[in-house]
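Each reported figure results from applying straightforward, stated rules to the coordinates on display, with no laboratory input. Please read all numbers here as calculations on a predicted model, not as lab measurements. Cβ placement follows ideal geometry from the backbone for every residue including glycine, while neighbour counts extend to all protein chains displayed.
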Amino acid sequence: MLGAIEAGGTKFVCAVSNRSLEIQDRVSIPTTTPEETLEKVFSFFDQYELEAMGIGSFGPIDVNKASSTYGYITTTPKTAWKNTDFLGQMKNRYNIPIGWTTDVNAAALGELEKGAAKGKSSCVYLTVGTGIGGGAVVNGEPLEGFGHPEMGHVLVRMHPDDDFEGICPYHKNCLEGLASGPALEKRYGEKAQNLTNKQNVWEIQAYYLAQALMNYTLILSPERIILGGGVMKQQHLFPLIRKEFNSLMKGYVNTPDLDEYIVSPGLGDDAGITGSLILALNELD
Ligand code: ADP
Ligand code: ZN
């Protein structure tokens, strides 16, 4: 059996599958304190004989194997989880190989193997929700360096009609500070869900997201860009983003057809847990 955790700031999804990645059982656990949450995680996995596990975690996390805090959740705004040795506690309990990367890298991996980027060797996965986070798979491997990408915090030009100061605690008006769900809520004084009919809101939103996607394209040349997360439930954003992307790029890079290039997750909300199972499978090779 393979075990996987998609560890989010709101909930932990845990699942077990066979080697063909068919999920046999799953559970969703609210994210509270590490002690309370991990106790429930353990009581789920204790029922199974696991060969390997994969974890896609919210972060920032330490992914550097040479570091003394490898496997830790590090500087997260979720204070109870700051400096938590998440991977270490899982290894202590199960003593099996455990793959470890960010939630969005895992989602990118899931989409590459089984979702909207199936058959490709690279993709970017961006979630636009409570925060904005992006991961990438390049040549079939999650992209990491000294740490992991933080694509949600890239800098963007302000829209001429927008004087919002931004809400990122580190950078104020980075992409996350301007275009996350809470940024929309702060700027317009209404839940993002209720802004559907305000055309100007989504034109500005598309302006910011398209700039970010242009930058990812220029730097990584991914074969697909997949946009998930709560805010992207506004499906009408997709054509607006493609249009802005086009007018910013001005044909400089000959991308795949934008209807196929900038897309929704093929796995819906299961991208992260599927990718985490693939991480587990990769540990066995
Ligand atoms: P999380 O980022 O916590 O994993 P989500 O991806 O669901 O969870 O993101 C939650 C954010 O997405 C909230 O800020 C919420 O306002 C926004 N959101 C959720 N559903 C919608 C929707 N249908 N339209 C616009 N925004 C939405
Ligand atoms: Zn930021």
If you add up the charges near residue 266, with Lys and Arg at +1 and Asp and Glu at -1, over every other residue whose beta carbon is less than 13 angstrom from its beta carbon, what do you get?
-1
What length, rounded to one decimal in nm, is gained on full extension from residue 39 through to residue 254, with 0.36 nm per residue of separation minus their alpha-carbon distance?
72.4 nm
Name the residues whose placed amide hydrogens come within less than 5 Å of the amide hydrogen of residue 54, ignoring near sequence neighbours (fewer than 5 apart) on the same chain.
3, 4, 5, 99, 280
Quick one: if you take sqrt(5λ) for each eigenvalue of the C-alpha gyration tensor of region 231-275, what semi-axes come out, biggest first, whole angstrom?
24, 13, 7
For region 1-68, alpha-carbon Rg and Dmax in angstrom:
12.6, 35
So what's the gap between the Cα centers of region 77-137 and region 22-46, to the nearest angstrom?
16 Å
Please give the net charge around residue 158, taking every other residue with its beta carbon less than 15 angstrom from that of residue 158, where Lys and Arg add +1 and Asp and Glu add -1.
-4
Give the Rg (one decimal place) followed by the Dmax (whole number) of region 176-229, computed from C-alpha coordinates and expressed in Å.
12.7, 37
Give the Rg/Rh ratio for region 137-196, taking Rg as the radius of gyration of the Cα atoms and Rh as the Kirkwood radius, to two decimals.
1.11
Straight distance only, please: which lysines reach the Cα of residue 65 with their own Cα at less than 30 Å, same-chain residues fewer than 8 apart left out?
11, 40, 78, 82, 91, 114, 118, 120
Two-decimal Rg to Rh for the chain - Kirkwood Rh, Cα set
0.97
Measure nothing but the geometry: give the 0 to 90° angle between the long axis through the Cα atoms of 199-220 and the longest principal axis through the Cα atoms of the chain, rounded to 10°.
60 degrees
Per-residue counts of other Cβ atoms within 10 Å, averaged by peptide: what ranking do you get for 251-263, 273-285, 102-114, highest first?
102-114, 273-285, 251-263
Tell me whether region 200-280 comes out rounded, prolate or oblate; compute the Cα gyration tensor, take square roots of the eigenvalues as a ≥ b ≥ c, and use a/c under 1.5 as the rounded threshold.
oblate
Using Stokes-Einstein with the Kirkwood hydrodynamic radius over Cα pairs, what translational diffusion coefficient do you get for region 45-126 at 37 °C and a viscosity of 0.692 mPa s, in µm²/s rounded to a whole number?
235 µm²/s
Alpha-carbon radius of gyration plus Dmax, which is the widest Cα pair, for region 73-187 in Å
16.6, 55
Hydrodynamic radius by Kirkwood, which averages 1/r over all alpha carbon pairs of region 1-144, in angstrom
15.5 Å
Please give the direction-averaged projected area of the C-alpha convex hull for region 133-285, in square nanometres with one decimal.
10.1 nm²
